[in-house]
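Working notes for the structure below.
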Amino acid sequence: MTQEKPENIISKENTQFPQPDFEKGFPIVPLQKFVMFPRMGTRLSFDRQITLNALRRIEDSKGFVLCTLQKNRDVSMPAVEELHSVGILAYVKGISGTPNNLLLVNLFGILPVDISNVSLMEKDADQYFFGFAQPRLLDLKDKKLAKPLAENLLLSMEQYAKKQSNLPDNLRDILKSIPPEERCLIAHSFLRIPDEEHQEILESTSIEEMYAKIDLAISTAMEVYRVITLNRQQTEMKMQRSQREWMLQEQISQLQKELEEINSGGQDNENFSKKAKSQKFPPAIKEKFDEEMARLKLLNPMNPEYTVVRNYIDWLLALPFGTYTEDVLDISRATDSLNSKHFGLEKVKERILEHIAVLQLAQKQKNTDVKSPILCLVGPPGVGKTTLAMSIAHAMNRNLARISLGGVHDDAEIRGHRRTYIGSMPGRIVQALRKAKSMNPLILLDEIDKMSRDFRGDPASAILEVLDPEINTEFNDHFMEVGVDLSRVFFVATANTPDGIPGPLYDRMEIVRIPGYLNFEKEFIARDFLIPKVLKQSSLTAKQFKVADSAINGILREYTREAGVRELERKLETMARKRAMELISKKKFTPQIAQKHLSTYLGVPDFASPRLIDEKRLGVTTGLAWTPVGGDVLHIECVLLPGKGKLQLTGHLGDVMKESAQIALSIIRERAKKYKIPEEKFRKCDVHLHFPEGATPKDGPSAGIAISIAMLSVFTGKVVSPFVAFTGEVSLVGRLIAIGGLKEKSLAAFDSGVKKLFLPKDNQKNVEDLPDIVKNGLEIKMFKHIDEVMEELF
């Protein structure tokens, strides 16, 4: 190796680079994971401060730096002795920054150099490596070997490139264009070897040594590639052999499965025939069963139709044809059973006992034409409709099957799917019979008012056939394809409101209305039904959890507002859980929970404000409203404002209620002279009628009396007592028309502290059905005409 310094290091072809000054020295850029090569450009990113400081000094070295590999790449701040003494003189072609504080540097390798006199410089508090360099010019000892070595290198690199990816296709041409004495210097940059081996090749002392090291690296790489290829081929052969064995095993398993299925065909026929002997098929069903069995025997078990027929026969055998439970016709036993689980509900219980009495007479007279009733229990949530149906089934000793119809929008849910469809099955009615295991169960059609319809059909139309006593002896399920007798099934439907039930379906059912409970009834239910249930669920004893009557009454008035008792039960469960915590944590507590303790167990009351306005106010009357959860008190407020005789309505009102207000104003104007109301008052004043709780929609004609009285009050200047409630529709000529929901409304009036209740005379028949406590607690007055009401008050 020679150490002579040539006059011009940069050739005339590369005049874009200045001539380096080797006497002044250069900043050093230590590299952790990369080896620079001569005649090659690259872009590197740097973030180490010592490197950034060195790059700031390139103006002093005409843009040149020394790039050398660290001996220990994991060291962030290497020592001087940890830098290799052989590196590359490189020219900085450009520097740019990045958003993540990295410095991107475009470097071009010029030639290998020997680095000496390396030191750690410090300038302006910035540290960087600095050193001197001399070009590393290698000699070829035997000039005759230059061409053979270069040609051999070309062949070796060509074979190497064929085994490697991401190498240029014209690698031979690239190397051939380089002079033979420099070819090895460039060739090793294309080798996929570790940085340390590149550095070792770069530190060669002669061209012969460099050729030898490159040839050894290529030979090693080719041998590794051969071993890897051989291992891959052997692995693929093993995988192919394993895959072939697996495929053969699967074929054998499939053949064995097919043989078992072929043999099972005869076994299926035998099993079905045995089950059929114990069945009490009606003639039509027996004929259909025999027909399907004959068809099954002719089918190959591998035929897809075989599974369809087999599934159908399974359903025929699963249905309880000819199986009936024996009704318990003891009226006293049924009465005790119903009373033990439900308080009140006298009309429903009376209707069930009447049916039991009819069945008892029919049994004595051997009359088989008695039809089972079809009841529809209509009432707000939480009053016990679903549990009442269960109690009826228990009282009559009938099996129970429940069908939830809420959200059903496809008639195939009721009638089933035809057998032509994949995965078809019977409808819910037939499935209920299978579940009940008898042909005379009690089937509960829950939430019948919440069915819907779409393009797939109308389930309500399918229910018509189920609930029609004249035709349900031959109910046609699409899957079964034979008539199923539903005449002895006791159907009980439940609904919150009758509005969601289609008219034809409503006509086929006997509607039994279940009103909301009075507070005294809820207190009785809480003591005798809910608290024992809560004690059992919470694992408490009667001594550990006592609730005073005052506390129950406080819960009803301040923490619940419902027609049923669900929220009441939840509040009692909350109190029981807190009592359990007190017992486990051994805290002191009062054995009996009184009203004054409720805030400790239930927090701030949810309904602290009273429902009635205690003081008299001009133009304010008390009306009554019906809601899905029971009755409620509705205040009507009326004021006069300067204007042009307009009627302004607020409170989220429906069209019917707006018309009631218009009628009320016309009634007042017609009677203006009688009550000495100046006509100017109607022309120069606007009437503003408001119904509080504006977010709640309100509609219906039953507020007609209350609206008329509120308007008359504001026009005459006379106030009406808030303890007088009104409900009833008013016609344009003043006639009072009967309204619905009287029981719920009267319960709400009684619970709210109303003293008098004004009703239309036509509602007298409904008054007789009111509970005695309501009739005794309210002064109920009935009128035929609005004039009678006005004369009574004004």
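Annotations
- Taking every DSSP helix (H) stretch of at least 4 residues in the chain, weighting each as -39,500 (n - 2.57) and dividing the sum by the residue count yields a mean residue ellipticity at 222 nm of -13000 deg cm²/dmol.
- Averaging the sequence gap over all C-alpha pairs within less than 8 Å and six or more residues apart, then dividing by the number of residues, gives region 103-178 a relative contact order of 20 percent.
- Max-minus-min Cα coordinates of the chain on each principal axis give 135, 89, 63 Å, with the largest extent listed first.
- Euclidean distance of C-alpha centroids, region 553-613 and region 44-71, integer Å: 78 Å
- Taking a Cβ cut-off of under 13 Å around Phe281, the surrounding Lys, Arg, Asp and Glu residues balance to a net charge of 0, with basic ones at +1 and acidic ones at -1.
- For Ala493, distant residues with modelled amide H under 5 Å away: Leu375, Cys376, Leu377, Leu445
- For the chain, share of DSSP beta bridges that run antiparallel, in % to the nearest 5: 60 percent
- Taking amide hydrogens as placed 1.01 Å from N in the peptide plane, the amide H of Gly623 sits under 5 Å from those of Leu634, His635, Ile636, Phe726, each at least 5 positions away in sequence or on another chain.
- Working from label points 7 Å from Cα in the Cα-to-Cβ sense, the Glu82 to Glu679 distance is 11.1 nm.
- For region 390-528, the Cβ-based charge dipole about the Cα centre amounts to some 560 debye (Lys, Arg positive; Asp, Glu negative; other atoms uncharged).
- Taking Cα atoms only, the orientation of helix 655-670 departs from the longest principal axis of the chain by about 40 degrees.
- Relative contact order, percent, region 279-359 [alpha-carbon distance under 8 Å, six or more residues apart]: 30 percent
- Reported value for region 354-474: 130 Å³ per residue, from the convex hull of its C-alpha atoms.
- Region 677-707 and region 360-424 have Cα centres separated by 46 Å.
- Annotation: peptides 61-74, 239-252, 666-679, ranked by per-residue average of other Cβ atoms within 10 Å with the highest first, follow the order 61-74, 666-679, 239-252.
- Under 18 Å from a label point set 7 Å out along the Cα-to-Cβ vector of Lys616, the amide N atoms of region 771-794 belong to 789-794.
- In order along region 272-280, phi translates into HN-Hα couplings of 5, 5, 5, 5, 5, 5, 8, 8, 10 Hz, rounded to whole numbers, per the Karplus curve 6.51 cos²θ - 1.76 cosθ + 1.60 with θ = phi - 60° and x for Gly and Pro.
- Residue pairs exceeding 25 angstrom between C-alpha atoms, taken from Lys681/Lys745; Lys718/Lys756; Lys745/Lys781; Lys341/Lys743; Lys658/Lys684: Lys681/Lys745.
- Sequence ranges 586-594, 780-788, ranked by mean other-Cβ count within 10 angstrom, highest first: 780-788, 586-594
- Taking amide H as placed 1.01 Å from N in the peptide plane, the amide H of Arg513 sits under 5 Å from that of Val378, each at least 5 places away or on another chain.
- Residue-wise HN-Hα couplings along region 296-305, as the Karplus relation 6.51 cos²θ - 1.76 cosθ + 1.60 with θ = phi - 60° gives them from phi, are 5, 5, 7, 8, 6, x, 7, 6, x, 5 Hz; Gly and Pro carry x.
- Under 12 Å, Cβ to Cβ, from Ser340 - net charge with Lys/Arg +1 and Asp/Glu -1: +1
- Net charge of Cβ neighbours under 14 Å - reference Lys571; Lys, Arg +1; Asp, Glu -1: +2
- With θ taken as phi - 60° and the Karplus curve 6.51 cos²θ - 1.76 cosθ + 1.60 applied, the whole-hertz 3J(HN,Hα) list for region 532-543 is x, 5, 5, 4, 5, 5, 9, 6, 10, 9, 4, 6 Hz, x standing for glycine and proline.
- Against the chain, whose longest principal axis is taken from its Cα atoms, helix 385-395 shows a tilt of about 70°.
- Cα radius of gyration and Dmax for region 17-124 (Å): 12.9, 38
- The chain: relative contact order in percent, alpha carbon pairs under 8 Å with at least 6 residues between: 7 percent
- Between the listed residues Thr560, Val547, Gln537, the Cα displaced farthest toward the positive end of the dipole of region 516-563, a dipole computed from Cβ unit charges relative to the Cα centre, is found at Gln537.
- Relative packing of peptides 535-545, 45-55, 374-384 - highest average C-beta neighbours within 10 Å first: 374-384, 45-55, 535-545
- Equivalent-ellipsoid semi-axes of region 365-428, from the Cα gyration tensor, Å, largest first: 29, 21, 11
- Against the main long axis of the alpha-carbon atoms of the chain, helix 146-163 sits at an angle near 10°.
Only the coordinates and a few stated rules stand behind these numbers; no lab work does. Small disclaimer: the values here were computed from a predicted structure and weren't measured. Note that we place each Cβ from the backbone using ideal geometry, even for glycine, and neighbour counts take in every protein chain shown.
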